[in-house]
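The values are calculated or read from the model by the stated rules, or taken from the named source; none is laboratory data. As the structure is a prediction and not an experimental result, all values here were calculated from the model. Cβ placement follows ideal geometry from the backbone for every residue including glycine, while neighbour counts extend to all protein chains displayed. Surface accessibility is based on the protein's heavy atoms, side chains included, excluding ligands, DNA and RNA. Shrake-Rupley method; radii C 1.70, N 1.55, O 1.52, S 1.80 Å.
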Amino acid sequence: MKQPDPPPDHPVSRETEARLRAYLRLLLEWNSRINLVANAPEEVLWQRHILDGWQLLPLLPDGPLADLGSGGGLPGLVIAIARAQETHLVESDRRKSAFLMEATRQLGLPHVRVHPRRIEAAQLPPLAVLTARALAPLTDLLPHAARLLAPGGVAVFPKGRTAEAELTAAAPHWFMQVERFASRTDAAATIFRLSEIRPEVV
């Protein structure tokens, strides 16, 4: 299979990098109390988590975005630092959602709203874009995407080695337009950009 093209580069300004670094320091500080990310040196986390989220930016349309199962804010907070558009972080774990609220406050992101509840209970507007990273297989994510996305909206899901297997499992039950992009931060990963998501009529 031909290796998919990676997303185009999205430049990082000095000011934005400073805010991303501040977010990463906050992530590391809280990580000593609650498990947000695997322990690793700061530069490893910068590559593995910050740049991994940053590479999604060229794939996102304008408009309201929700990050499901946001955890430590990956990729939701990375995206929110980059673009001042309505952003919703959905995280049912109370400790993680407390971190998201504090990070949003400290980083000065008034366009971000944290929803400390299950996805099914979150009150969200019709979304232009939906993201989720390391949350669930496509068969579980697609019902949320079909329900929450506005007409013309897209779901952008970074996936690891199981990407094609997940797509194969979902294909008999869902119609969708699929775009694939190679990850810049993990040679074994693929980013799916999915649109026109709807259940297949049997």
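To the nearest whole percent, what portion of all C-alpha pairs in region 74-117 is separated by more than 15 angstrom?
Numbers: 294 of 946 pairs.
Result for the distance tail: 31 percent.
Placing +1 on the Cβ of each Lys and Arg and -1 on the Cβ of each Asp and Glu in region 53-191, which of PHE157, VAL90, ALA146 has its Cα farthest towards the positive end of the resulting dipole?
Looking along the dipole axis, the top candidate is VAL90.
Per the helix-only calculation at 222 nm, which mean residue ellipticity applies to the chain, given -39500 (n - 2.57) for every DSSP H run of n ≥ 4 and division by its residues, nearest 500 deg cm²/dmol?
So the helix-based figure for the chain works out to -9500 deg cm²/dmol.
Over all directions, how big on average is the projection of the convex hull of the alpha-carbon atoms in region 82-202, in square nanometres?
Mean orientational projected area (region 82-202, Cα hull): 8.3 nm².
Apply the Debye scattering formula to region 1-117, with a single equal point scatterer on each alpha-carbon and no solvent, then give log10 I(q)/I(0) at q = 0.18 Å⁻¹.
For region 1-117 at q = 0.18 Å⁻¹, log10 I(q)/I(0) is -0.91.
Calculate, axis by axis, the spread of Cα positions in the chain along the three principal axes, and write the results as whole Å, longest axis first.
Dimensions of the chain along the principal axes of its Cα atoms: 50, 38, 29 Å.
Please give the net charge around HIS111, taking every other residue with its beta carbon less than 14 angstrom from that of HIS111, where Lys and Arg add +1 and Asp and Glu add -1.
Working: positive: ARG19, ARG83, ARG105, ARG113; negative: ASP62, ASP67, GLU86.
Net charge in that neighbourhood comes out at +1.
Under a Cβ-Cβ cut-off of 15 Å, what is the net charge of the residues other than ALA121 that fall near it, where Lys and Arg count +1 and Asp and Glu count -1?
Its environment carries a net charge of +2.
Just the number, please: carbon plus sulfur as a percent of the accessible area of the chain, 1.4 Å probe, no ligands or DNA/RNA counted.
Details: 5110 of 9880 Å².
Ligands and nucleic acids excluded, carbon and sulfur reach 52 percent.
Once you charge only the Cβ atoms, +1 for Lys and Arg and -1 for Asp and Glu, what is the size of the charge dipole of region 56-202 about its Cα centre, to the nearest 20 debye?
340
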